[in-house]
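Engineer: What follows is a structure written as C-alpha cells; I'll ask about it next.
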Amino acid sequence: MSSPDIERQWTTRLRHRVTGHLPPEKVLPDTQPAYVASWIYVFGVTTMVALSMVILTGFVLAIRGPLWWHTSGVGHYVNSLHLWSVEVFFFAMVIHLWGKFFMAAWRGRRALTWVTGVVTFLTSIAAAFTGYVSQTNFDSQWISTQAKDGINATGAGSIFNVLNLGQMLMWHIVLLPLVAVILTAVHVVLVRVRGVVPPFEDAPPEKP
Amino acid sequence: MAGLALLAALFPLDHLGGYIHWGWVDISYANAIVVALMVIVFVAALLAPFPGHGRRKESR
Ligand code: HEM
C-alpha cells in the first residue's frame, strides 16, 4: 500500500489524533505548575482512590452475597468498608467540586471537564440510592417503600421500579458503576489533555 | 464490650435522631455535622501549608 493510503486508514488517523492530544508526557507528567502544590488538588485523587475502594469491596460483597454480609463478622466488616468508602468518596467529591467551583476550573475550554464531573456526581447519587435499596434488610424495605411514591410521581416508576430488588441490584452493581467509572476516566483524561487550569491572574484573557 | 456500651450510650441508634429547625431549613444533626466537617476540611485544605512546597524551584 502506498503511503497516502496508509495515512488515510482509520487506525493511522486515530493514532495521530490520540498521540497529538495525549503524548506520553501528558498522560504521565513528571512535573506540574507551582500552584498545584496545595491540599485542594488532593481531593480529586482522594475521590478516585475512594471510588476504587468502593468497587473493590463491592466485588468482595458480590462473591459471597447478602446472606454472608448479613450474618458473618467478616461479611459485616466488608459491608462496612463498602459503606465507609462511599462516605469518603462523597465527602472528598464535594470538597473537590467546591474547590473547582471557586477557582472556576471550567475556564479555558475546560467546560467538558466540569460537565463530566457534574454527571458523575449525579450518577453517583443514583448508585448510592440503588445501593441503599439493595441491602436486603428492613432499612432497604423502608427506603424503597418511601421512595416509590416520589419516583412514581415523576412518571419514571413505569420503567424504574424501586420495589423491584432484582432491577435495583443490577443498576447498582452493573449499570451505574460502569457509567461512573467510564465518566471518571473521561474526566481525568480531559484534565490531562487540557492541563490544570491556571490561577485567574495567570490566565490568558477569555474570548467572549 | 465496655467500649461498645460506652459508644452505644454516646450515640444512641435505637430511637429517632434529632433535627435542627432553622426557619425553612430542616436538617438532621448527623447531616449537619458532616456538612460542618466538609467546610472545615475545605478551609483547612486552602490554608494548610503543602509539604515540600518551596523546596524545589519550579519552572513553568
Ligand atoms: C467520581 C468523581 C470525581 C473524580 C474521581 C474526580 C477526579 C478528578 C481528578 C483526579 C482531577 C485532577 C486533579 C484535581 O484537580 O483534583 C479532577 C479535576 C477536575 N474536576 Fe473532578 N472528579 C470527580 C468529580 C468532579 C465533580 C463532581 C466536579 C464538578 C462538578 C469536578 C470538576 C473538576 C474540574 C473542573 C477539574 C479540572 C480542574 C483543572 O482543569 O484544573 N470533578 N477531577
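The values are calculated or read from the model by the stated rules, or taken from the named source; none is laboratory data. All values reported here derive from a predicted model rather than from experimental measurement. All Cβ positions, glycine included, derive from the backbone under ideal geometry; neighbour counts span all protein chains shown.
Engineer: Have a look at A:22, A:28, A:51 and point out the one that is aliphatic (A, V, I, L, M) and near the ligand (Cβ under 10 Å from one of its atoms).
Structural biologist: Result: A:51 is the single residue among A:22, A:28, A:51 that is aliphatic (A, V, I, L, M) and near the ligand (Cβ under 10 Å from one of its atoms).
Engineer: Just to verify a result, which residue in segment A:88-107, among those that are of a type in the set (Gly, Ala, Ser) and within 12 Å of chain B (Cβ to nearest Cβ), is farthest from residue A:43 (Cα to Cα)?
Structural biologist: Out of the qualifying residues, it is A:99.
Engineer: Is there a residue being farther than 21 Å from residue A:177 by Cα and either within 11 Å of the ligand (Cβ to nearest atom) or within 14 Å of chain B (Cβ to nearest Cβ) (or both) anywhere in segment A:80-87?
Structural biologist: No, because not a single residue in segment A:80-87 is farther than 21 Å from residue A:177 by Cα and either within 11 Å of the ligand (Cβ to nearest atom) or within 14 Å of chain B (Cβ to nearest Cβ) (or both).
Engineer: For the structure I just gave you, tell me whether residue A:145 is at pLDDT 95 or above and either assigned by TED's automatic domain parsing to the domain that holds residue A:58 or within 27 Å of residue A:181 (Cα to Cα) (or both).
Structural biologist: In short, no.
Engineer: Tell me which helices (runs of 4 or more DSSP H) are completely within segment A:59-165 and hold 3 or more residues being free of Cβ contacts under 8 Å to residues at least 60 places away in the same chain, under 30 Å from residue A:204 (Cα atoms) and not charged (D, E, K, R), or say none if there are none.
Structural biologist: Here the list reads A:73-102, A:111-132.
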